[in-house]
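Inspection log for the structure reproduced underneath, given as C-alpha cells.
Just so it is clear, none of the values below were taken in a lab; they were calculated from the coordinates. From a predicted model like this one, the values you see are computed outputs, not experimental measurements. Positions of Cβ are generated from backbone atoms using ideal geometry, with glycine treated the same way; all protein chains shown enter the neighbour counts.
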Amino acid sequence: MPDKTTNMLKIGEAAKRLGTAVETIRMYEREGLVLTHKTATGQRLYSEADLHWLDCIRRLIKEQSLNIEGIRRLLALIPCWDIKPCTAEERRGCPAYLSSIKPCWHIKSELPGGCREADCRACPVYQSARECTNLKTLRLRYSKEG
Ligand code: SF4
C-alpha cells in the first residue's frame, strides 16, 4: 500500500511546478506561513494542498500587494480557539487567543499543552488556513474593519 508521501514532491520539484525559487519556499517556511512535511531524514515534501497554499501565498503577494508580515497577521486572525474548539478556561491563558500577531502554529512552544504536543499539519486550524478562499474572506473582513 502506498504511504501518504507517495505523490508528494521534493522542494526542487515543487519550486519548478510553481515557477518559483527553492529559496522562496524555504523563506515562507522560515517566516511561519507554511508547515512543511519532513521525512525522517529531513527531506521536505509537498502535497497538492501544500502547492495550492504556496501558490496562494505568491498570488497574495503579487496580486494583492500583501507582504509576509501582512499574511502572517491574517493567519493570526484565524480563530483557532473556535475551530478546535477551546474552553473558556483554555482561552483565558492562551497567547493565541489573547494577542497573537503570529499564526498559532508559529508560537506553538508558548501555547498550552494540547497544542504544544500537536501535529499542526494535521490540525483543522492549519488545514483551514491553507484554504486560500478562507484567507481571502478574512482579508476582506480585515480591510473593511481597518
Ligand atoms: S494544534 Fe497547532 S495549528 Fe492547531 S490550534 Fe494548536 S498550534 Fe494551532
Got a number for residues in the stretch 28-85 being in contact with a Gly (Cβ under 9 Å, 6 or more places away or on another chain) and either loosely packed, with under 12 Cβ neighbours inside 10 Å or assigned to a strand (DSSP E or B) (or both)?
0
Scope the stretch 115-134; condition within 10 Å of the ligand (Cβ to nearest atom) and under 15 Å from residue 82 (Cβ atoms); matching residues:
115, 123, 124, 125, 126, 127, 128, 129
Pairs, first part of a loop (DSSP other than H, G, I, E, B) in the stretch 106-135, second within 8 Å of the ligand (Cβ to nearest atom), C-beta under 7 Å, six or more apart:
111/96; 111/104
Would you be able to tell me the number of residues in the stretch 86-105 that are outside any helix (DSSP H, G or I), more than 10 Å from the ligand (Cβ to nearest atom) and over 18 Å from residue 34 (Cβ atoms)?
3
Does residue 110 meet the test of being more than 19 Å from residue 129 (Cα to Cα) and in contact with a Pro (Cβ under 9 Å, 6 or more places away or on another chain)?
yes
